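Trainee: Before we start, here is the structure in question, set down as structure tokens.
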Amino acid sequence: MVFNRVSKELVGLSLIAMFLFLLFFVDFTGLVNLHKSMPQEWLNINTVFLSVIFEAIPFLLLGVIVSSLIQVFVTEDMIGKIMPRSPIVAMIPAVFIGIIFPMCECVIIPIVRRLIQKGLPVHVGIVILLSAPIMNPVVLLSTIYAFQKNDVIVYARFGITILVALFIGLIVYYYYHGKNVLKEVKISVQKRQKKSWIDVVNHTVDEFFDTGKYLLIGAFIASVFQTFFDRNVLDTVAHNEVIAPIIMMGFGYILSICSAADAFIAASFGHVFSVKALLAFLVFGPMLDMKNTLMLFAYFQKRFVFFLMGIVILSVYTILQIIML
């Protein structure tokens, strides 16, 4: 832990030193006209990339600040107290808990694990895990901003999320009610320390850089994809109502972008893919991506994780096809 902190500080100091060296000792005046010799395709990549980044970063920063406040000051007991005792009724407040406690997918899995350890029914925990990253005021604001001219996507994203989370909650209740799905994890007993605003700042910085790299990768892939991908092939695939949602679900899984910023990546594909395909990206990505899959395998039994992955894929795709006919 100390080694990691020292390593991060050394990296930070190295970057600052490199920046100061470049600022004072390197002459950049010869680069003023560099853009004139660059191919037009790379200029297009630069334009799309920067437009996505500049729009998304404020919402990403807001999202990680709120998430850090929740992580530091809100305990699992606070969340558990608002859950009704009825196993079915408890799913209703569970699906909306992200509105009260805004959490992104980076934070939600460890919290759900601890809630289940403290007695929360597995199916209720899964409803929270799937819905909270999307049913989030910051995500709502970013989606509204990214799709200002398309209210359908805003309403459909949250409506379909509710349906998918509740449907999967019922399936998990049927198959795993009363069963243990968690891995056996050795819990080291630590003295409870008083939490402070310094913890919030540290958590915000760590999470911003951790999630920010996925935004950068996602924005770059989106810009390259739109610039170099054969437009005729893209148009053919993008308007196929069967294949296009699968492709965008795959993008959502691989890119692993924080839900506070993924709407801007989706909007950059808005002139190419259909509303159904964009919704597949916006609903599926926060529920299941490469990043949280690794976390699921770390905390839950393998058989349950594969089961959950399967029903999330099938449920999102099927419900989208039914709702967005």
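Trainee: List the residues, sorted by chain then number, that are 5 or more residues from residue 182 or on another chain and whose placed amide H is less than 5 Å from its amide H.
Mentor: 301
Trainee: Restrict the search to region 109-160; then list the chymotrypsin sites (Phe, Trp or Tyr not before Pro) that DSSP places in a loop and that have at most 11 other Cβ atoms within 10 Å of their Cβ. Walk me through the numbers before you get to the answer.
Mentor: On the way: sites: 145, 147, 155, 158; in loops: 147.
In loop regions of region 109-160 (DSSP not H, G, I, E or B), there are no sparsely surrounded chymotrypsin sites (Phe, Trp or Tyr not before Pro).
Trainee: Only counting other Cβ atoms within 10 Å, I'd like 289, 262 sorted with the fewest neighbours first.
Mentor: Numbers: 289 23, 262 31.
Going from least to most buried by this count: 289, 262.
Trainee: Right, here's the next one. Using a/c under 1.5 as the rounded threshold, could you call region 182-325 rounded, prolate or oblate? The axes a ≥ b ≥ c are square roots of the C-alpha gyration tensor eigenvalues, and prolate needs a/b larger than b/c, oblate otherwise.
Mentor: Working: a/c = 2.81, a/b = 1.60, b/c = 1.76.
Oblate, because a/c is 1.5 or more while a/b does not exceed b/c.
Trainee: Another question about this same structure. What's the extension gain from residue 155 to residue 180 if we count 0.36 nm per residue and subtract their Cα-Cα distance? Intermediate values should be presented prior to the final figure.
Mentor: Numbers: separation 25, 0.36 × 25 = 9.00 nm, distance 3.55 nm.
This chain segment gains 5.5 nm when fully extended.
Trainee: Given 325, 87, 259, which one lies farthest toward the positive end of the charge dipole of the chain, if we put +1 on the Cβ of every Lys and Arg and -1 on the Cβ of every Asp and Glu?
Mentor: So the residue we want is 87.
Trainee: I need the phi-derived Karplus couplings for region 119-136: 6.51 cos²θ - 1.76 cosθ + 1.60, θ = phi - 60°, integer Hz, Gly and Pro marked x.
Mentor: Result, rounded to whole Hz: x, 5, x, 4, 5, 5, x, 5, 4, 5, 4, 7, 8, 4, x, 9, 6, 9.
Trainee: Then there is this: Compute the Cα gyration tensor for region 52-132, then decide on rounded, prolate or oblate, letting a ≥ b ≥ c be the square roots of its eigenvalues: rounded whenever a/c is under 1.5, prolate when a/b is larger than b/c in the other cases, and oblate in all that remain.
Mentor: Details: a/c = 2.49, a/b = 1.99, b/c = 1.25.
It comes out prolate by the Cα gyration axes.
Trainee: Express in nm, to one decimal, how much length is gained between residue 89 and residue 162 on full extension, taking 0.36 nm for each residue of separation and deducting their alpha carbon distance. Display every interim value, and only then the final one.
Mentor: Details: separation 73, 0.36 × 73 = 26.28 nm, distance 1.41 nm.
Gain in length upon complete extension: 24.9 nm.
Trainee: Please report the net charge: other residues with Cβ closer than 13 Å to the Cβ of residue 253, K and R +1, D and E -1.
Mentor: Details: positive: 291; negative: 105, 262, 289.
Computed value for this residue: -2.
Trainee: If packing is taken as the average number of other Cβ atoms within 10 Å across a peptide's residues, how do 290-296, 267-273, 82-88 rank, most packed first? Don't skip to the end; give the middle numbers.
Mentor: Numbers: 290-296: 16.3, 267-273: 18.7, 82-88: 13.1.
For the peptides 290-296, 267-273, 82-88, the packing ranking is 267-273, 290-296, 82-88.
Trainee: Tell me, what ³J(HN,Hα) does each residue in region 200-215 have, in order and in whole Hz, if you take phi through Karplus 6.51 cos²θ - 1.76 cosθ + 1.60 with θ = phi - 60° and put x for Gly and Pro?
Mentor: 4, 4, 4, 5, 4, 4, 4, 6, 4, 6, 5, 7, x, 5, 5, 5
Trainee: Here's a follow-up. Going down the list 81/183; 276/302; 179/302; 81/118; 213/291, which pairs span over 21 Å between their C-alpha atoms?
Mentor: Numbers: 81/183 25 Å; 276/302 31 Å; 179/302 14 Å; 81/118 11 Å; 213/291 12 Å.
Result: 81/183; 276/302 exceed 21 Å.
Trainee: Quick one: grab the alpha carbon gyration tensor of region 113-152, order the square roots of its eigenvalues as a ≥ b ≥ c, and give me rounded if a/c is under 1.5, else prolate or oblate depending on whether a/b is larger than b/c. Intermediate values should be presented prior to the final figure.
Mentor: On the way: a/c = 6.44, a/b = 3.50, b/c = 1.84.
Cα axes put region 113-152 in the prolate bin.
Trainee: Between residue 75 and residue 298, what FRET efficiency follows from the Cβ-Cβ distance if R0 is 25 Å, with the result rounded to 0.05?
Mentor: Details: r = 21 Å, r/R0 = 0.86.
FRET efficiency, residue 75 to residue 298: 0.70.
Trainee: Please give the charge dipole size of the chain, origin at the Cα centre, charges +1 on K and R Cβ atoms and -1 on D and E Cβ atoms. Round to the nearest 20 debye. Can you show the working numbers first?
Mentor: Values: 23 positive and 18 negative charges, 261 e Å.
Result for the chain is approximately 1260 debye, rounded to the nearest 20.
Trainee: Go ahead and collect, in residue order, the members of region 261-288 whose backbone nitrogen is under 20 Å from a label point 7 Å along the Cα-Cβ direction of residue 235.
Mentor: Counting backbone N atoms under 20 Å from the label point, the list is 268-278.
Trainee: Another question about this same structure. Pairs of Cα atoms under 8 Å, at least six residues apart: use those to get the relative contact order of the chain, whole percent. Could you put the intermediate results ahead of the total?
Mentor: Working: 376 pairs, mean separation 74.1, N = 325.
Across the chain, relative contact order equals 23 percent.
Values in this text are rule-based calculations from the coordinates and carry no lab data. A quick note: this is a predicted structure, and the numbers were derived from the prediction, not measured. Please note: Cβ atoms are built from the backbone with ideal geometry, for glycine as well, and neighbour counts cover all protein chains shown.
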